[in-house]
Amino acid sequence: MEESVHQSIRFGSVADLIMWKNRRGGFLLLGSTTLLWFLFEKCGYSFFPFVVNTQLLSVVILFLWAKSAILFNRPMPQLPNLEITEEFVFMVADALRVWINTVLAVAREIYVGRNAKQLFRVSVVLWTVSFVGNFLNFLTILYLGVVLSLLIPFLYERYQDLIDEKLSLTHRVIQTQYRKIDERLLQKIIAKPTNKIKKMQ
């Protein structure tokens, strides 16, 4: 039995949000990120004043709410216990550690192992990111990341067979092109240092 996209996402609440099982949360996330992107990108609002003014507004509202509750004999506002748990910190730190170690392992393989193929792959990825970065700023890329993370899993689960077929075809074309580049260029780059070493011996 194939694992669904919803099951493959590790955290249940995140999976519900991304797969639009929690529609209210999905619309709230999409709406808030769109509003923030519009404020910072189109209206020219700065991030630091926005954070400070939001906190100031929330503190004033809570203070006035508490005072009015005492004056009019109403219940005090119920605030959740806002704190970051140790488990959450360890979970984030563990995920970050795995990601950093993967990046360092790739860098070591390129530098120590002199892996030209890996260097080529990393170069293509970094060049693509740099190329996209010329047209979009960091905030827009983050916003697009949120929008795509809400759209792609949902669309993939709906049209999985069609997307798998197209991805398989694309993968075969990329593999064919990569083999051609490997035969023409990368094998020559790898072969040159070994020939020099033989001559020196």
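The values are calculated or read from the model by the stated rules, or taken from the named source; none is laboratory data. Please read these numbers as outputs of a predicted model, since none were measured by experiment. Every residue, glycine as well, gets a Cβ built from its backbone with ideal geometry; the counts of neighbours run over all protein chains shown. The accessibility values were calculated without ligands, DNA or RNA, using every heavy atom of the protein model including side chains. Shrake-Rupley method; radii C 1.70, N 1.55, O 1.52, S 1.80 Å.
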For the pair Arg74 and Gln177, the simple spin-label estimate (label points 7 Å beyond Cα toward Cβ) gives in nm 6.2 nm
Area of Ile152 that stays accessible when all protein chains are in place (1.4 Å probe, Å², to 10): 100 Å²
Rounded accessible area of Glu87 (nearest 10 Å², 1.4 Å probe): 130 Å²
Given a 1.4 Å probe and the protein chains all in place, what does the accessible area of Thr176 round to, in Å² to the nearest 10? 60 Å²
